[in-house]
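These notes concern the structure reproduced below.
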Amino acid sequence: MDTLRLGIDLDGVVADFNHGWTTRYNRDFPHELPRLGGELTADDVVEWNAPTALSHFPTMSAFWKWAETCAEGRSLFHGLDPYEGALDALHDLRGAGHHLVILTTKPHFSIHDTYDWLARHRVPSTEIHILDDKTQVECDVYLDDANHNLEALHAAHPDAAVCRYVRPWNTPVAGTIDVYDWADFQAVVRGRST
């Protein structure tokens, strides 16, 4: 079995960003909820910049200003929960000898909270890259949920397996592999490593 470099995104793939922000939004802005039709849930998120579509925030800049301290004085990224099964799958992949390379884009204010989150959840990564352009890091298999990243990764690394974690806020991307859960992703990795 070949050892592979696996480029893994965090938010929307390992960490449940949408549950995190909607839960805190409901807590912090109860006066907005009647106008919005009730409490927000992660299931309401069906587009990439959902905070401006679903909430009172007029811009993503306004959303990020709130997100900087909305988790009990820390950034939103400090208080996210991992998706069910994500950490077990990552430990299984690392246990099989693969290198887990975290590739994530973050606002500057959340960098320390991101490192803390990875440590608290014992994410078995061998590398962590916080960057805007994920194509700068070469991997054998990528996993992401953002269309713009998937398109860029496929174009820059046509020999790599680029996997789209299918979510309501993304759409099929030519040349990528759709995965619906961590078992699907693990199957792609097994297929590439034999």
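Bear in mind these aren't lab numbers, they're just calculated from the coordinates by the rules spelled out. Fair warning: this is a prediction, and the values are worked out from it, not measured in the lab. So basically every Cβ, Gly included, is an ideal-geometry build from the backbone, and we count neighbours across all protein chains shown.
State which residue is farthest from ALA15 (Cα to Cα) when the search covers only the range 65-80 and only residues that are touching a helix residue (DSSP H, G or I) at 6+ places or on another chain (Cβ under 8 Å) and in a helix (DSSP H, G or I).
Looking at residues that are touching a helix residue (DSSP H, G or I) at 6+ places or on another chain (Cβ under 8 Å) and in a helix (DSSP H, G or I), I get TRP66.
Yes/no per residue for (1) farther than 28 Å from HIS154 by Cα; (2) aromatic (Phe, Trp, Tyr); (3) crowded, with 20+ Cβ neighbours inside 10 Å:
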residue	(1), (2), (3)
LEU6	no, no, yes
TRP21	yes, yes, yes
PRO51	no, no, yes
CYS70	yes, no, yes
GLY73	yes, no, no
GLY95	no, no, no
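With respect to the numbered conditions (1) within 18 Å of LEU10 (Cβ to Cβ); (2) without any contact (Cβ under 8 Å) to a residue 60 or more places away in the chain; (3) among the acidic types (Asp, Glu), which one is the sole condition not fulfilled by GLU151?
Single failed check for GLU151: (1).
Return the only residue of ASP116, ASP181, ASP159, ASP145 being surrounded by fewer than 16 Cβ atoms within 10 Å (Cβ to Cβ) and under 14 Å from the mean Cα position of the chain (by Cα).
It is ASP181.
Working carefully through the options GLU47, GLU39, find the one that is over 28 Å from VAL123 (Cβ atoms) and either in a loop (DSSP other than H, G, I, E, B) or without any contact (Cβ under 8 Å) to a residue 40 or more places away in the chain (or both).
GLU39
Could you tell me how many of the residues in the range 101-124 are small (Gly, Ala, Ser) and in contact with a Cys (Cβ under 8 Å, 6 or more places away or on another chain)?
Residues meeting the conditions: 0.
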